[in-house]
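Heads up, the thing below is written out as structure tokens.
The values are calculated or read from the model by the stated rules, or taken from the named source; none is laboratory data. None of these values were measured; they are calculated from a predicted model. Positions of Cβ are backbone-derived with ideal geometry, glycine not excepted, and every protein chain shown enters the neighbour counts.
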Amino acid sequence: MAEIAPGAVPSPNIWNSPQTYELENRAVDPDGVLGAAMRAIRPWDGATVLDIGCGTGFHLPFFAGTAGRVVGVEPHANLAAMAARRARDLPHVTVRTGAAQALPLPDFSVDVAHARWAYFFGPGCEPGLAELRRVLRRGGTAFVIDNDASRSTFGGWFRRWLPSYDPRAVERFWARQGFSREALTIRWAFERRADLAAVLRIEFPEELAEAFLGEVPGCEVDYAVNLWWRMY
Ligand SMILES: C[S@@+](CC[C@H](N)C(=O)[O-])C[C@H]1O[C@@H](n2cnc3c(N)ncnc32)[C@H](O)[C@@H]1O
């Protein structure tokens, strides 16, 4: 059994199938919409960036391109090890095993925090938000990227999978926490339809994955996301 830090939210997609999740990450947002939107709000050139729930560290090199220092935090020790391997030639990147509710970082030591499809899913993530308040420097910015289930092909699939999910309640939660919302539309663009099929199978129960695959003709899916952000 892999060592997993307390408080981790089970993430079967990447925990069980990191190679397929890698295909998913490669397909997400080929137009760079998310990076450009974050940069427009708070650039991280020379700054200290924290990636919470960094998984296998897919986004660490992206931030490391211009950041002064990057720290990835990941509760699943095997994934943290994969992230550390990915970043081994980047001396200003470190990876720590830990969870959002107990970040292994000193007070006021981070300029930009980023959590992408990780832990910060709305109500229930208050302990992690308290940690963000502790570790972010004044003037620092937190980014949370998650699904916008109210629109797009992917959003519709998400609602059919989780009919009790209430996008408006999630929106109200983030507004109460002082976060602003950028509603963005990105694409999943796979090289092969077989990769899209494999990713659907790690994201949804089998029957739904097959149905959803039948609803798109090629290798692309339009995908609505919310970029929540707050300055501290
Ligand atoms: C869907 S994956 C996304 C990984 C990564 N952010 C990416 O975009 O490639 C969700 C990640 O959140 C991590 N996670 C789960 N619970 C967490 C927690 N309490 N604190 C921080 N990360 C957590 C999981 O271990 C997993 O690696």
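The table below lists the values:
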| quantity | calculated |
| --- | --- |
| Qualifying residue in the range 156-170 (condition: over 19 Å from the mean Cα position of the chain (by Cα), part of a helix (DSSP H, G or I) and of a type in the set (A, V, I, L, M)) | yes |
| Of all residues making up the range 1-21, the number that are touching a helix residue (DSSP H, G or I) at 6+ places or on another chain (Cβ under 6 Å) and more than 7 Å from the ligand (Cβ to nearest atom) | 4 |
| Qualifying residues in the range 114-123 (those that are part of a loop (DSSP other than H, G, I, E, B) and small (Gly, Ala, Ser)) - the one farthest from Gly53 (Cα to Cα) | Gly122 |
| Pairs where the first residue, in the range 82-98, is more than 11 Å from Val71 (Cα to Cα) and modelled with pLDDT of 95 or more and the second is among the polar types (S, T, N, Q) and assigned to a loop (DSSP other than H, G, I, E, B), C-beta under 8 Å, 6+ apart | Met82/Thr56; Arg86/Thr56 |
| Residue match in the range 56-69 (condition: of a type outside the set (Phe, Trp, Tyr), surrounded by fewer than 24 Cβ atoms within 10 Å (Cβ to Cβ) and farther than 26 Å from Gln101 by Cα) | yes |
| Residue list for the range 43-55, filter: away from the ligand (no atom under 11 Å from the Cβ) and part of a loop (DSSP other than H, G, I, E, B) | Pro43, Trp44, Asp45, Gly46, Ala47 |
| 3 or more residues acidic (Asp, Glu): qualifying helices (runs of 4 or more DSSP H) within the range 1-42 | none |
| Filter result for the condition that a residue is in a loop (DSSP other than H, G, I, E, B) and more than 18 Å from Arg26 (Cβ to Cβ), over Asp111, Asp107 | Asp107 |
| When residues of the range 151-171 are limited to those that are small (Gly, Ala, Ser) and surrounded by fewer than 17 Cβ atoms within 10 Å (Cβ to Cβ), the one nearest to Val199 (Cα to Cα) | Gly156 |
| Extreme residue, surrounded by the most Cβ atoms within 10 Å (Cβ to Cβ), among residues of the range 2-52 that are more than 13 Å from the chain's Cα centre (by Cα) and on the phi > 0 side of the Ramachandran plot | Gly7 |
| Per-region count, the range 56-103, residues in contact with a Gly (Cβ under 9 Å, 6 or more places away or on another chain), more than 10 Å from the ligand (Cβ to nearest atom), assigned to a loop (DSSP other than H, G, I, E, B) and aliphatic (A, V, I, L, M) | 2 |
| Unmet requirement for Leu129, which otherwise passes all of (1) within 18 Å of the chain's Cα centre (by Cα); (2) surrounded by 21 or more Cβ atoms within 10 Å (Cβ to Cβ); (3) part of a helix (DSSP H, G or I) | (2) |
